[in-house]
Amino acid sequence: MSRLFGTDGVRGLAITELSCELAMNIGRATATVLREKTGKRPLIQIAKDTRISSRVIESALIAGITSVGADVERLGVIPTPALAYLVKELGAFDSSQSRAGIMISASHNTFEYNGIKIFSGNGYKLSDSEEDEIESLVKANKFDIKSGKEIGTVRHAYSAACDYNEYIIACISKDKAPVLKGMKLLVDCANGSASPTARAIFNALGAQCEYLNLTPDGININHNCGSTHIENLCETMKQGDYDVGLAFDGDADRCLAVDDKGNVVDGDKIMALLARDMKKDGLLNNDTVVCTVMSNLGFHQYMKANGVKTISAKVGDRYVLEEMLANDYSLGGEQSGHLIFSQHATTGDGQLTAVKLLRAVKNSGEKLSALIAEIPKFPQILIGVEADVQKKARWKSNENVLASINKAEEELGDEGRILVRESGTEPLIRIMAEGKDESQIKRLVEEIARQLTNS
């Protein structure tokens with residue numbers, strides 16, 4: 001068996017790859033590790049997104065957790081960052097049990113996929129070593145199964161979404177004042193986890209909103225909508241008189257925006273605007289923002305021009321967060337729209353990102369298009385080549401692939417860059433190229449992709 005955990009939990013085709021048996025044993029292993037570490041009876045909070053398979057996997061997890069004598073609290077359909085917030089906050093009121101959180105979601109993937117993300121009692125995703133402990137127990141498949149009165153219990157937390165909404169609102173409006181009054185928004189909820197929360201948040205803050213893809217049916221999550229298909233939001237923005245468009249992914253831990261002219265505002269640009277403002281207000285610790293190796297060269301140039309230092313982490317919000325925690329940085333994120341505000345959250349939060357951006361736009365008195373006009377963006381092309389576990393393991397030793405990468409890097413010189421990496425969430429090898437000439441980088445990427453496909 002290959003390693004279960006990728007860069008963002010366990011993920012695979014629901015029921016076939018991420019099977020009920022596997023989910024049950026992950027639940028058992030998580031509860032067992034938690035009990036061994038704390039000596040307390042575990043209580044594991046479970047949340048999910050809107051996929052048709054999420055209820056099935058939830059049932060399997062509950063069966064596994066309770067079978068080893070741990071308790072479950074079901075939080076229902078809420079965003080991933082809501083689970084992270086609630087597992088930390090609710091644990092502060094009750095120390096009688098050790099806590100963890102499990103989110104059932106495959107984030108931006110289509111409905112056929114699902115995933116399991118595990119959070120510790122402090123609201124952070126598990127470390128590699130903690131994941132390894134759980135994985136070793138899953139592979140050994142030997143658990144202390146309980147019976148009778150030792151079996152765990154199950155309860156439901158009916159106020160989970162409301163509690164999270166109240167917190168997000170308080171992050172920009174302590175007195176619940178309608179600080180976004182006068183703004184006209186178009187909000188794409190991707191038929192996912194933002195569906196039960198977005199309306200309450202933005203309406204409470206006084207914004208005039210129209211909502212798209214707010215009716216999940218189990219199979220329409222991320223389908224031609226949300227941050228993975230933001231082009232549809234762009235077209236709708238051009239047809240109306242909106243100030244800002246917002247697009248979330250399936251579990252609402254990322255957010256992309258569209259400006260008043262219908263142009264995409266990616267995570268780099270959102271992060272650049274907020275980092276600049278935070279520095280002016282003295283809120284950007286060490287005048288530094290943490291990005292990833294995928295962040296555009298234009299982002300780095302803009303940050304330097306505004307006196308902000310940048311640090312590049314590996315792709316994945318967990319690696320951004322590791323860098324932030326190690327050096328007490330207050331803002332970090334990814335081009336894909338995962339932004340982390342360490343003052344407020346322990347993981348990427350799409351709706352928190354949205355309200356922070358909207359407040360910045362409202363306070364500036366300018367249009368979003370004007371605010372981002374000064375942020376340069378180098379042409380960037382990103383494509384994915386299908387790759388199974390074996391191909392992911394062997395491509396770095398393929399002479400033809402390496403030769404095509406070296407040739408591309410030599411041709412670009414100091415005028416651009418090439419990045420080839422395995423996806424931690426999908427069966428893909430991703431190829432990214434940046435440079436001043438879009439036709440040139442397109443040609444170079446296509447040649448590397450051809451060599452990878454044939455490898």
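The values are calculated or read from the model by the stated rules, or taken from the named source; none is laboratory data. If you're wondering where the values come from, they're calculated on a predicted model, not measured in any experiment. Cβ atoms come from the backbone with ideal geometry, glycine included; neighbour counts cover every protein chain shown. These accessible areas exclude ligands, DNA and RNA; they are computed on the full protein's heavy atoms, side chains included. Shrake-Rupley method; radii C 1.70, N 1.55, O 1.52, S 1.80 Å.
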Restricting segment 1-35 to trypsin sites (Lys or Arg not before Pro) in coil, as DSSP defines it, with at most 15 other Cβ within 10 Å: R3
Given 16 as the ceiling on other Cβ atoms within 10 Å, longest exposed-site-free region of the chain for GluC sites (Glu not before Pro) in DSSP loops: 113-365
Within straight-line cross-link reach of K392, aspartates and glutamates at Cα separation under 12 Å, skipping those fewer than 8 residues along the same chain: E422, E426
Given charges at Cβ of Lys, Arg, Asp, Glu: the chain dipole, positive-most of Y167, L22, I383: Y167
Separation in nanometres of the label points that stand 7 Å from Cα toward Cβ, at K146 and Y158: 2.6 nm
Alpha carbon centroid spacing (whole Å) that separates segment 133-158 from segment 356-411: 41 Å
Cα shape, segment 164-240, gyration tensor, a/c 1.5 rule: oblate
Inter-label distance, nm, simple model (7 Å from Cα along the C-beta direction), K396/K367: 4.7 nm
Protein accessible area in the chain, 1.4 Å probe - carbon and sulfur %: 49 percent
Förster radius 45 Å - calculated FRET efficiency between K309 and E166, Cβ distance, rounded to 0.05: 0.85
Stretchable slack from T110 to K174, in nm (0.36 nm times residue separation minus alpha-carbon distance): 19.4 nm
Test item: Cα-centred dipole of the chain, Lys/Arg +1 and Asp/Glu -1 on Cβ, debye: 840 debye
Unit charges at the beta carbon, dipole of segment 213-351: most positive-side option, A305, Q343, M324: A305
Of G101, G218, L185, farthest towards positive along the dipole that unit charges on Lys, Arg, Asp, Glu beta carbons give the chain: G101
Solvent-accessible heavy-atom area per residue, rounded to whole Å², over the chain at 1.4 Å: 41 Å²
